[in-house]
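Enquirer: Before we start, here is the structure in question, set down as structure tokens.
Values quoted throughout were computed directly from the atomic coordinates according to the rules given, and no laboratory measurement underlies them. Quick caveat, the model's predicted, so the values are computed rather than measured. Because the Cβ atoms are built from the backbone with ideal geometry, glycine has one as well, and the counts that use them run over all protein chains shown.
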């Protein structure tokens with residue numbers, strides 16, 4: 001899914017956006033060296049969670065999904081299958 005443009009505050013419009021990790025990396029991971037490091041961490045965490053076989057939902061939020069040039073971190077929320 002193509003993500004919308006940032007608003008004047010540097011945020012995406014309020015909504016839940018479903019996208020692939022690859023698309024999120026292109027959109028949010030190329031603006032600075034810091035973002036490139038964070039997107040690699042995000043991919044690694046996602047890979048580990050997938051390997052459990054119980055990952056139901058992987059939500060990325062916070063300053064990483066804004067226009068902020070140097071976010072401090074990448075915030076994630078993972079929902080695991082009931083059998084985890």
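Enquirer: Sort out which residues of the range 50-70 are within 14 Å of the chain's Cα centre (by Cα) and on the phi < 0 side of the Ramachandran plot, and write them in order of number.
Expert: 57, 58, 59, 60, 61, 63, 64, 65, 66, 67, 68
Enquirer: Among the residues of the range 70-84, which ones are surrounded by 11 or more Cβ atoms within 10 Å (Cβ to Cβ), out of contact with any helix residue (DSSP H, G or I) (no Cβ under 6 Å at 6 or more places or on another chain) and in a loop (DSSP other than H, G, I, E, B)?
Expert: Listed by number, the residues that qualify are 72, 73, 81, 84.
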